[in-house]
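J.: Structure in structure tokens, see below.
The values are calculated or read from the model by the stated rules, or taken from the named source; none is laboratory data. As the structure is a computational prediction, the values presented were derived from the model and not from experiment. Virtual Cβ from ideal backbone geometry, glycine too; neighbours counted across all protein chains shown. Protein only, heavy atoms only, side chains kept; ligands, DNA and RNA dropped before computing areas. Shrake-Rupley method; radii C 1.70, N 1.55, O 1.52, S 1.80 Å.
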Amino acid sequence: MDTRSLVWWQWWNVAVVLYLWVWVPMCLSQATPSPQQQGEKLKFRLAGYPRKHNEGRVEIFYKGEWGTICDDDFTLENARVLCRQMGFVGATGWRHSAKYGPGTGKIWLDNVQCSGTEKSIEFCQSRGWGNSDCTHDEDAGVICKDERLPGFIESNIIEMQVDENRLEEIRLRPLLDGTAKRLPITEGIVEVKYKEGWAQICDVGWTSKNSRVICGMMGFPSEKKTKKNLYKMLGDRGQVNYRIHSVACTGNEVHLSVCSMEFSKANVSVPCQGGRPVVVSCVAGPQFSQISGKKPKIKQVTVRLKGGWKVGEGRVEVLKNNEWGTVCDDRWNLQSASVVCRELGFGTAKEALTGARMGQGLGPIHMNEVLCSGQEKSLWNCPFKNITSENCHHLEDASVKCNVPYIGFEKTINITGGRTRFEGRVELLNPDANGTEGWGLICGEGWTTREAMVVCRQLGLGYANGALKETWYWDSSNVTDVVMSGVKCAGDEMRISDCQHHKSVSCKKAGTRFAAGVICSETASDLILHAPLVEQTVYIEDRPLHMLYCAAEEDCLSKSAAKANWPYGHRRLLRFSSQIHNIGRADFRPKAGRHSWVWHECHRHYHSMDIFTHYDLLSINGTKVADGHKASFCLEDTDCHEGISKRYECANFGEQGITVGCWDQYRHDIDCQWIDITDVKPGNYILQVVINPNFEVAESDFTNNAMKCNCKYDGHRVWLHKCHLGDSFSEEAEKKFEKYPGQLNNQIS
């Protein structure tokens, strides 16, 4: 080789090295901006079949479209990052070559390389978003560790969803214009969103099974036969644009797009020969038919939803042997979830959620590996396995989000003046004496968290984080008249007008200054008492008066103690330990900020709440014979479930609260952890403990704040049995408990 060739060859080698040095990292880096840079939040889901709830094909929702990840260069580190993003603690493996079936749509990522510590897959190296040389036969899947991250509240979809890209939006258009104002709309022409307008479906070959699917999507549990005169109303109502024909559903589909169908071609001269647009009539669930003035049918309830912040969603609980329990999420899917939804008077399921996404239950887990076909009338009619403590825990509680009919309640209420869309002064659309509708305020007197819960639910803004009796510090609108007062809600109503209120307005402090306001939140805490511990630790102590000075200062003794011969004598105390668990989706924090906590020198602690718990001893007819209360000595994390870190500790003026997945334990030997029964005669009683009794702090569910026990006191000893949360028994079992005749001896069966 001559000198010129040698020089040229050396320069060529240098150029190739430089090119590879620059180009290869570019191929493995993101060529397009990451979703975070563009302000877009990614969603993830596990898809495919067959699989368990913690494994599947990885699908990412980006730029309005679901897509997959190619398995080229895929590693366990990639799987770890993805599993954490979907709320699992980690990954145990991954799968290549579309083991869970090939996906559809885009292949969003290829040649992904993560270190395993990234917070999101978007921070890993890749070829860039949408840049791939793969086919869907190379779709990657992951196997996640079957344990959820504590307090995981992201809106990622864990269960497989139907592909709604084919049919973006579907509606029922009423046949008569006037009926559109009467909600919910239960019958009308089925229309699908097409381009800039709406298109119809040809009714040739249409069956009741197809109608069942449509009704389920609209939030209704079942369909009914369409009246022939409805078709006559169709007449010649303008141009018809048929988009779909030859629909064939089995009736168990959760969305019309899953059914077999054909799309009309543009060049067909007669797209629906001999047919008309599909008209469907649906049957509304009891809670929605009641809105129309019909009385709902009352039947024994064996399934319920708990912990959800919207109507038609929550943790699934079932009744067995007169005790409520949860359902394990193994193999939990949309078909089983839809059976629950229809049974409760809703439509099909939008999401079948796993991993205690609506909070953990407490007590028994009644069902596992439920496999419904979709036709069953009740979840109890579906095949399932009995549960054992070894193969399922409350971290795996199943939950659902159901399709519910649109009822427009959010249009009759508004909040204004707040700093964010989640807070403001409550304004209500109210008709005057002439029938003219106008906006008005709600009187703040007696306004509590329970009323605020109803407002936040009606607005679709979640749980109530605060109930405000005065709103003078918020900007006022031109609405000044008070149109509702004396509002008292149970907390589970769908709209504020369903709550008790004065027939005519009576408000001592009227005007915008004292109008009711709310602060809403997408998450909330949920406190429950561990009932078995109370039953196991109860005993009687005769405590000398000279050891009760601090307790007397905190008003923890009965009234007769003031007349005692201090420091001589004693008080008889009913003592027990209590564990208060937070099973919600937000930490429980005291209402008052630390600047207003009161230092108590005697017990050397800060009070963060005036009253945290009520202890009552009731006679069999419900009369209170003795009581106690416990101010919040300090709210802190005594202990937590595995993998959850303590956040709150009272020492050194620390922050107070109870973390999600943790509990605060008050031992039996702490002052005021008792009821003074010095004046109580021997007999049979009911012990009642109520947490957060004044609803000072928002919770997702107040029905589980009370615990009750049967109690026998013979003058020397005490026995508790049947300790349970207020909503953990069936109505029948609870009535038997309340009519408890008393024990004839000390033997408890």
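J.: Can you pull out the residues in the range 123-137 that are open to solvent by less than 20 Å² (accessible area, probe 1.4 Å) and not hydrophobic (A, V, I, L, M, F, W, C)?
T.: The answer is S126, G128.
J.: Something else about it: Can you tell me which condition S292 does not meet? The list is (1) at pLDDT 70 or above; (2) open to solvent by 70 Å² or more (accessible area, probe 1.4 Å), and all the others hold.
T.: Unmet for S292, out of (1) at pLDDT 70 or above; (2) open to solvent by 70 Å² or more (accessible area, probe 1.4 Å): (1).
Here's the yes/no breakdown for (1) in a loop (DSSP other than H, G, I, E, B); (2) open to solvent by 70 Å² or more (accessible area, probe 1.4 Å); (3) touching a His at 6+ places or on another chain (Cβ under 8 Å); (4) in contact (Cβ under 8 Å) with a residue 40 or more places away in the chain:
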| site | (1), (2), (3), (4) |
| --- | --- |
| I644 | yes, no, no, yes |
| Q656 | yes, no, no, yes |
| C672 | yes, no, yes, yes |
| D679 | yes, yes, no, yes |
| L687 | no, no, no, yes |
| V697 | yes, no, no, yes |
| C709 | no, no, yes, yes |
| G715 | yes, no, no, no |
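J.: How many of the residues in the range 609-642 are open to solvent by 50 Å² or more (accessible area, probe 1.4 Å), assigned to a strand (DSSP E or B) and over 30 Å from G87 (Cβ atoms)?
T.: 4
J.: Take the residues of the range 658-670 that are assigned to a strand (DSSP E or B) and closer than 27 Å to R357 by Cα: which is farthest from the chain's Cα centre (by Cα)?
T.: Result: Q665.
J.: For residues that are under 15 Å from I528 (Cα atoms) and in contact with a Lys or Arg (Cβ under 9 Å, 6 or more places away or on another chain), scanning just the range 658-670, find the one that is most open to solvent (accessible area, probe 1.4 Å).
T.: Filtering the range 658-670 down to residues under 15 Å from I528 (Cα atoms) leaves 658-666.
After this cut, where a residue has to be in contact with a Lys or Arg (Cβ under 9 Å, 6 or more places away or on another chain) as well, the list is 658-660, 662, 666.
On the way: I658: 0, T659: 3, V660: 22, C662: 1, Y666: 7 Å².
Among them, the one singled out is V660.
J.: Hey, another quick one. Does any residue of the range 528-537 turn out to be over 30 Å from G584 (Cβ atoms), out of contact with any Leu (no Cβ under 8 Å at 6 or more places or on another chain) and surrounded by fewer than 13 Cβ atoms within 10 Å (Cβ to Cβ)? Let's see the steps before the verdict.
T.: From the range 528-537, those over 30 Å from G584 (Cβ atoms) are none; that's our starting set.
Taking every residue of the range 528-537 in turn, none turns out to be over 30 Å from G584 (Cβ atoms), out of contact with any Leu (no Cβ under 8 Å at 6 or more places or on another chain) and surrounded by fewer than 13 Cβ atoms within 10 Å (Cβ to Cβ).
J.: May I pose another question? May I ask you to list the residues in the range 729-739 that are open to solvent by less than 20 Å² (accessible area, probe 1.4 Å) and outside any helix (DSSP H, G or I)?
T.: Answer for the range 729-739, where residues must be open to solvent by less than 20 Å² (accessible area, probe 1.4 Å) and outside any helix (DSSP H, G or I): just S730.
J.: If you don't mind, another one. Output the qualifying pairs, or none if there are none: Cβ atoms under 7 angstrom, residues six or more apart or on different chains, first residue in the range 588-605 and touching a residue at least 60 places away in the same chain (Cβ under 8 Å) and closer than 21 Å to S521 by Cβ, second residue among the hydroxyl-bearing types (S, T, Y) and crowded, with 18+ Cβ neighbours inside 10 Å.
T.: From the range 588-605, the pairs are F588/S525; P590/S608; P590/S632.
J.: Also, quick follow-up: Restricting to the range 501-546, name every residue that is of a type in the set (A, V, I, L, M), touching a residue at least 40 places away in the same chain (Cβ under 8 Å) and in a helix (DSSP H, G or I).
T.: Passing the criteria: A531, L533, V534.
J.: Could you please find all residues in the range 56-107 being in a helix (DSSP H, G or I) and open to solvent by 20 Å² or more (accessible area, probe 1.4 Å)? Write out each step before concluding.
T.: Looking only at the range 56-107, we keep the residues that are in a helix (DSSP H, G or I), and these are 76-85.
The answer is L76, E77, R80, R84, Q85.
J.: I've got another one for you. Quick check on N368: is it open to solvent by 20 Å² or more (accessible area, probe 1.4 Å) and of a type outside the set (S, T, Y)? Steps first, answer last, please.
T.: Working: open to solvent by 20 Å² or more (accessible area, probe 1.4 Å): no; of a type outside the set (S, T, Y): yes.
No: the conditions fail for N368.
J.: What are the residues in the range 111-130 that are of a type outside the set (D, E, K, R) and assigned to a loop (DSSP other than H, G, I, E, B), if any? Steps first, answer last, please.
T.: Here is the first cut: in the range 111-130, the residues of a type outside the set (D, E, K, R) are 111-117, 120-121, 123-126, 128-130.
Answer for the range 111-130, where residues must be of a type outside the set (D, E, K, R) and assigned to a loop (DSSP other than H, G, I, E, B): N111, V112, C114, S115, G116, T117, S120, C124, S126, G128, W129, G130.
J.: Just to be sure, is F346 part of a loop (DSSP other than H, G, I, E, B) and at pLDDT 85 or above? Give the steps one after another, and end with the answer.
T.: Details: part of a loop (DSSP other than H, G, I, E, B): yes; at pLDDT 85 or above: yes.
Here the answer is yes, as F346 does meet what is asked.
J.: State all residues of the range 466-512 that are loosely packed, with under 14 Cβ neighbours inside 10 Å and farther than 28 Å from S700 by Cα; if no residue qualifies, say none.
T.: D475, N478, T480, K503, S504, S506, K508, K509
J.: Give me the residue from the range 180-206 that is loosely packed, with under 14 Cβ neighbours inside 10 Å and more than 22 Å from T104 (Cβ to Cβ) and, out of that set, modelled with the highest pLDDT.
T.: If we filter the range 180-206 for residues that are loosely packed, with under 14 Cβ neighbours inside 10 Å, which is where we start, we get 180-182, 195-197, 205.
Subset that is more than 22 Å from T104 (Cβ to Cβ): 180-182, 196-197, 205.
Details: A180: 53, K181: 63, R182: 77, E196: 73, G197: 83, G205: 91.
Going through the qualifying residues, I end up with G205.
J.: Considering the range 408-422 alone, what residues qualify as being hydroxyl-bearing (S, T, Y) and not in a helix (DSSP H, G or I)? Please lay out each step first, then the result.
T.: First, the residues of the range 408-422 that are hydroxyl-bearing (S, T, Y): 412, 416, 420.
Of everything in the range 408-422, those that are hydroxyl-bearing (S, T, Y) and not in a helix (DSSP H, G or I) turn out to be T416, T420.
J.: Now for a separate question. Of all residues being buried (at least 20 other Cβ atoms within 10 Å of the Cβ), of a type in the set (D, E, K, R) and under 16 Å from L46 (Cβ atoms) in the range 138-153, which is farthest from the chain's Cα centre (by Cα)? Just the residue, please.
T.: Per the criteria, the residue is D139.
J.: Among the residues that make up the range 420-430, is at least one of them polar (S, T, N, Q), closer than 17 Å to S336 by Cα and touching a residue at least 24 places away in the same chain (Cβ under 8 Å)? Outline the logic, then answer.
T.: Taking the range 420-430 and keeping what is polar (S, T, N, Q), we get 420, 430.
Subsequent filtering for residues that are closer than 17 Å to S336 by Cα retains none.
There is no residue in the range 420-430 that is polar (S, T, N, Q), closer than 17 Å to S336 by Cα and touching a residue at least 24 places away in the same chain (Cβ under 8 Å).
J.: Output the residue which, of all residues in the range 543-601 that are in contact with an Asp or Glu (Cβ under 8 Å, 6 or more places away or on another chain) and open to solvent by 60 Å² or more (accessible area, probe 1.4 Å), is nearest to L687 (Cα to Cα).
T.: Filtering first and then ranking leaves H570.
J.: Confirm whether T326 is in contact with a Gly (Cβ under 8 Å, 6 or more places away or on another chain), touching a residue at least 40 places away in the same chain (Cβ under 8 Å) and either open to solvent by 20 Å² or more (accessible area, probe 1.4 Å) or at negative phi (or both).
T.: Spelling it out, T326 is indeed in contact with a Gly (Cβ under 8 Å, 6 or more places away or on another chain), touching a residue at least 40 places away in the same chain (Cβ under 8 Å) and either open to solvent by 20 Å² or more (accessible area, probe 1.4 Å) or at negative phi (or both).
J.: Given the conditions (1) part of a loop (DSSP other than H, G, I, E, B); (2) open to solvent by less than 50 Å² (accessible area, probe 1.4 Å), report the number of the one that H721 does not fulfil.
T.: Going through (1) part of a loop (DSSP other than H, G, I, E, B); (2) open to solvent by less than 50 Å² (accessible area, probe 1.4 Å) one by one, H721 breaks only (1).
J.: Given the conditions (1) at pLDDT 90 or above; (2) open to solvent by 10 Å² or more (accessible area, probe 1.4 Å), which single one is not true for S525?
T.: It fails just one condition, (2).
J.: Let me confirm something: among G363, G355, which residue is under 20 Å from the mean Cα position of the chain (by Cα), within 20 Å of V318 (Cα to Cα) and surrounded by 21 or more Cβ atoms within 10 Å (Cβ to Cβ)? Quick ask: steps written out before the conclusion?
T.: Details: G363 fails: surrounded by 21 or more Cβ atoms within 10 Å (Cβ to Cβ).
Only one candidate passes the filter, namely G355.
J.: Go through the range 484-494 and report how many residues are assigned to a loop (DSSP other than H, G, I, E, B) and at pLDDT 90 or above. Let's see the steps before the verdict.
T.: Narrowing the range 484-494 to residues assigned to a loop (DSSP other than H, G, I, E, B): 485-487, 489-494.
After this cut, where a residue has to be at pLDDT 90 or above as well, the list is 485-487, 489.
The qualifying residues number 4.
J.: Within the range 423-479, work out how many residues are part of a loop (DSSP other than H, G, I, E, B) and under 23 Å from the mean Cα position of the chain (by Cα).
T.: At the first step, the residues of the range 423-479 found to be part of a loop (DSSP other than H, G, I, E, B) are 432-436, 444-448, 460-462, 469-479.
Right, trim to under 23 Å from the mean Cα position of the chain (by Cα) and you get 448, 460-462.
Final tally of qualifying residues: 4.
J.: Quick one: what pairs do we get from the range 111-131, first residue within 12 Å of N78 (Cβ to Cβ), second part of a loop (DSSP other than H, G, I, E, B) and aromatic (F, W, Y), C-beta under 8 Å, 6+ apart or different chains?
T.: V112/F74
J.: Residues of the range 74-115 being touching an Asp or Glu at 6+ places or on another chain (Cβ under 8 Å) and acidic (D, E), which ones?
T.: Hit for the range 74-115 is D110, nothing else.
J.: If you scan the range 616-631, which residues turn out to be in contact (Cβ under 8 Å) with a residue 24 or more places away in the chain and under 16 Å from Y713 (Cα atoms)?
T.: Within the range 616-631, D616, L617, L618, S619, I620, V625, A626, D627 meet the criteria.
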